[in-house]
Amino acid sequence: MILSVSRRTDIPCRYAEWFIGRVREGFALCRNPRRPSQVSRIPLTPGCVDAIVFWTKDPGPLLPYLDELEARGFRFCFQLTLTPYGREIEPGLRGKREILADVRRLGERVGRRGLVWRYDPVFFTPAYTPAWHERAFSSLCREMAPLTDQVTISFLDEYRGMRRSGLRAPTAQEAERFAAFAGKTAAAAGLQIRACSEQGDYSRFGILPAACIDAERLQEIAGAPLRLTRDAGQRERCGCCKSVDLGAYNTCPNGCVYCYADYSPDLLRRSLARYRPESPLLCDELLPTDAVTEKTYASDRVDQTSLF
């Protein structure tokens with residue numbers, strides 16, 4: 001099993017204490033986002049979890065627990081979103097220089113194959129112009145090249161309410177211009193560059209489709225061949241392998257205005273009020289009407305046949 005921690009909220013940044021508590025207990029509970037009364041009991045043991053993919057904008061709070069995770073036998077890698085946007089866009093985050101100091105510590109800890117840098121989403125405003133993005137991307141490439149071997153880009157996906165924030169997705173022409181610049185700049189810095197679930201074909205700029213939960217990288221992290229299949233539940237152009245996500249929507253206080261995972265301010269407030277580090281459910285509690293399912297999860301190692 002590949003454990004995703006998490007596409008739905010920033011667990012390393014905001015809920016590191018909860019996560020390590022779940023690891024120590026050996027399991028977590030997680031609601032089905034489409035059928036909230038269905039709750040799965042997910043085993044958190046190294047015999048079942050082949051690798052953990054951490055998704056975060058700030059790894060600092062999780063850093064003190066990495067030695068313990070490794071001592072317990074867990075393997076892990078990081079999808080790190082690091083953008084140059086200010087607090088008017090990402091109001092809940094620490095200063096980027098503070099975060100970058102911890103990113104350097106993380107890079108030294110996990111190595112270049114254990115860390116993928118995400119420059120996403122790319123959008124425009126009167127302040128964040130194409131020329132501004134080119135300067136910012138070039139600067140961050142220099143910072144990140146010693147720490148990772150890959151950068152993943154994506155362009156803003158607009159959804160209901162996004163226009164109120166003043167963010168604008170690039171036009172097709174603007175996306176091509178940025179892709180051409182990013183491809184050349186990343187290559188010069190020694191970075192592979194990938195595009196996450198984009199409709200455009202940017203292969204002529206050296207940009208191939210991304211697989212953020214990447215079979216090749218994960219097998220290297222796990223130290224063994226894995227039976228991994230494509231995740232049919234993701235977007236059509238997503239190359240990710242199947243994983244089990246531990247997070248919950250409407251639980252992230254980072255407040256990024258482009259975020260798809262916090263779509264209800266009222267639900268977010270209620271979720272944060274329910275947070276208890278000792279709870280098996282993230283920002284939640286079991287209800288009498290909930291049905292807890294003891295699902296069977298198995299290691300995907302080729303040489304592993306036991307079930308957990």
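When the label point is put 7 Å from the Cα of T293 along its Cα-to-beta-carbon vector, which residues of region 230-261 have a backbone N closer than 16 Å?
Residues 232-233, 243-247 fall inside that zone.
Under unit Cβ charges (Lys, Arg +1; Asp, Glu -1), what dipole magnitude, rounded to 20 debye, does the chain have relative to its Cα centre? If you can, show how the numbers build up before the last one.
Details: 44 positive and 38 negative charges, 76 e Å.
With only Lys, Arg, Asp and Glu charged at Cβ, the dipole is about 360 debye.
Pick from T171, T152, T45 the residue whose mean-square fluctuation is largest in a GNM of the chain, springs joining Cα atoms under 10 Å.
Evaluated over the chain, the most mobile residue of the options is T171.
If R0 is 35 Å, what FRET efficiency do you get for T129 and E108 from their C-beta distance, rounded to 0.05? It would help to have the intermediate numbers written out before the result.
Details: r = 34 Å, r/R0 = 0.97.
After rounding to 0.05, the efficiency reads 0.55.
Under 4.7 Å Cβ to Cβ, no partner at all: give me those cysteines from the chain, in residue order.
Flagged as lacking a Cys partner: C13, C30, C48, C77, C141, C196, C212, C238, C240, C241, C252, C283.
Please figure out what share of the DSSP beta bridges in the chain is antiparallel and state it in percent, rounded to the nearest 5.
Numbers: 9 of 39 bridges.
Here the share of antiparallel DSSP bridges comes out near 25 percent.
Alpha carbon centre of region 124-148 versus region 212-282: separation in Å?
26
Please work out the Cα convex hull volume for the chain and give it in Å³ per residue. Numbers along the way, then the final one.
Numbers: hull volume 40.5 nm³, N = 308.
Looking at the chain, the number lands at 131 Å³ per residue.
Among the GluC sites (Glu not before Pro) within region 122-159, which fall in a DSSP loop and have no more than 16 other Cβ atoms within 10 Å of their own Cβ?
Numbers: sites: E134, E143, E158; in loops: E158.
In loop regions of region 122-159 (DSSP not H, G, I, E or B), the sparsely surrounded GluC sites (Glu not before Pro) are E158.
For region 1-35, state which trypsin sites (Lys or Arg not before Pro) are in a DSSP loop and have at most 14 other beta carbons lying within 10 Å of their beta carbon.
On the way: sites: R7, R8, R14, R22, R24, R31, R34; in loops: R7, R8, R34.
Taking region 1-35 and a limit of 14 other Cβ atoms within 10 Å, the loop trypsin sites (Lys or Arg not before Pro) found are R34.
Which residues in region 231-266 place their backbone N less than 19 Å from a point set 7 Å from the Cα of E17 along the Cα-to-Cβ direction?
Under 19 Å, as judged by backbone N against the label point of E17, lie 248, 251-254 of region 231-266.
No lab work stands behind these numbers, since they all come straight from the coordinates. Keep in mind the model is a prediction, meaning the values are calculated, not measured. Quick reminder, even Gly has a Cβ in these numbers, built from the backbone with ideal geometry, and neighbours come from all protein chains shown.
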